[in-house]
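Undergrad: Structure below; questions to follow.
What follows is calculated from the coordinates using simple rules that are stated; it is not laboratory data. None of these values were measured; they are calculated from a predicted model. Heads up, the Cβs are rebuilt from the backbone with ideal geometry, glycines too, and the neighbour counts pull from every protein chain shown.
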Amino acid sequence: MEITERHEQGATIALLTGKMDAESVPVFNQWFDDRMAAGHTRFVLDFGGISYLSSAGLRAVLSAGKMLDKQQGHLAICGLYGLARQVFQVSGLLDVLPIRPGVAESLAALQETSA
């Protein structure tokens, strides 16, 4: 898995590409922990490039969301297509996590939660 990061409107936007599974989750966790340690608390995770998402990947996203909740941070998820969307749907997380179609909508949702 690769993570391409950019910053916009006070948020850290991560484009995730490749497979998010037990083998690659430590890469995501380290990336996320490093950003949290640097004081980042607003994230958009763009799953548009994810070709495979396992339960380990789903747990990593949930864990990140819980950590952000504890820090009064915010998370938005976008770009859920194909298998990644099916995994979120089957797990029931489409109704639990803030899922948006794209980055622009995710940034708007983060602005609303920060207001």
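Undergrad: Just name the residue that is farthest from G102 (Cα to Cα) out of those in region 12-48 that are small (G, A, S) and within 12 Å of the chain's Cα centre (by Cα).
TA: A14
Matching residues to (1) out of contact with any strand residue (DSSP E or B) (no Cβ under 7 Å at 6 or more places or on another chain); (2) in a loop (DSSP other than H, G, I, E, B):
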| site | (1), (2) |
| --- | --- |
| N29 | yes, no |
| F32 | yes, no |
| F43 | no, no |
| G49 | no, no |
| R59 | yes, no |
| S63 | yes, no |
| L68 | no, no |
| Q72 | yes, yes |
| L75 | no, no |
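Undergrad: Report yes if T17 is more than 21 Å from G92 (Cβ to Cβ) and surrounded by 14 or more Cβ atoms within 10 Å (Cβ to Cβ), otherwise no.
TA: yes
Undergrad: Also, I was wondering about something else. Give the residue that is farthest from A84 (Cα to Cα), with candidates limited to residues of region 49-73 that are crowded, with 16+ Cβ neighbours inside 10 Å and touching a Gly at 6+ places or on another chain (Cβ under 8 Å).
TA: G49
Undergrad: Restricting to region 92-115, name every residue that is part of a helix (DSSP H, G or I) and either touching a helix residue (DSSP H, G or I) at 6+ places or on another chain (Cβ under 6 Å) or among the basic types (K, R) (or both).
TA: Passing the criteria: only L94.
Undergrad: Related question: Quick one: how many residues across region 78-107 are under 17 Å from L15 (Cα atoms) and not aromatic (F, W, Y)?
TA: Of the residues in region 78-107, 17 are under 17 Å from L15 (Cα atoms) and not aromatic (F, W, Y).
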